[in-house]
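Just so it is clear, none of the values below were taken in a lab; they were calculated from the coordinates. If you're wondering where the values come from, they're calculated on a predicted model, not measured in any experiment. In this analysis, Cβ positions are derived from the backbone assuming ideal geometry, glycine residues included, and neighbour counts consider all displayed protein chains.
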Amino acid sequence: MPFRQSWSGHLIAGTLTAIGIVIALALSRLFLPHQVNFFALLLIVVLSTVAVEFFSAHVDRWDQRRWHHPSPGGWIPPLCRIVFFAGVYFLVTLGLTWNSRQALICGGVATAVAIIEVFGIREWKTGLTTAEEREATLKAKKMLEEIAIEARIERREKARRKEAERRKRLGLPEDTSPIITVKRGGFEFRPHRVNFIPPRAEPDAAERPDDQPDDRSDEGPQEGQN
């Protein structure tokens, strides 16, 4: 996987953690001696998230190449991630505020949220292989297709019942058009105009018309006849 794609995935997943850190820092202002305003906290979180996910993506790629596995697990990436949160938030806050107390507060809150994240999603556990991920993706895709087909069938059935009730209320004859079934996915629908023509059976030899010439009449004269 290219590094840019890996880093983008980390940024998307890290956004949830960043939201939790913003909420935790905002609440900590009620109990801790904060001097940083809310917009400065947002800037700290944004810059720190970009840096943390950049370093985390590098560690994950190194671990994947080491074990030849897309999600090898282990304690090295989670511990490095916690260290990144603590160090990056401390340095970014210190660089923007030049206040070591504020830097310690922001770094401590970010580290606590990072520990909750690591133990919440259990980052140390080994994930699926590439083949297993592909199989799981195909199963999920098939399940979604089946759900979509069932929803369409249900909508069609509701529309058919509603149409039947309307025809009954108006005194119209019942719709006797056949139900057409599409083999793929089992999707069913009832068109409004269908002319059903049954297949015509081929006539048997016993039912052959009399005026049809016999093939044997075309044969030449039999032996012994002039």
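Here are the numbers:
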quantity	calculated
³J(HN,Hα) computed for each position of the stretch 16-31 - Karplus, 6.51 cos²θ - 1.76 cosθ + 1.60, integer Hz, glycine/proline x	5, 5, 4, 5, x, 5, 4, 5, 5, 5, 5, 6, 5, 5, 7, 10
The stretch 3-127, Rg to Rh (Cα coordinates; Rh as Kirkwood inverse mean 1/r)	1.00
Between the stretch 80-130 and the stretch 1-31, the Cα center-to-center distance that results, in Å	10 Å
Residues SER100, SER48 arranged by fewest to most Cβ contacts within 10 Å	SER100, SER48
Cleavage-rule hits (chymotrypsin sites (Phe, Trp or Tyr not before Pro)) in the stretch 47-86: DSSP loop, at most 12 neighbouring Cβ within 10 angstrom	TRP75
Paramagnetic reach from ARG134 (point 7 Å along Cα→Cβ, amide N under 20 Å) across the stretch 58-90	64-65, 67-72
Inter-site label distance for ILE19 and THR126 at 7 Å from Cα along Cβ, in nm	3.3 nm
Pairwise FRET efficiency - LEU11 versus MET143, Cβ, R0 = 35 Å, nearest 0.05	0.80
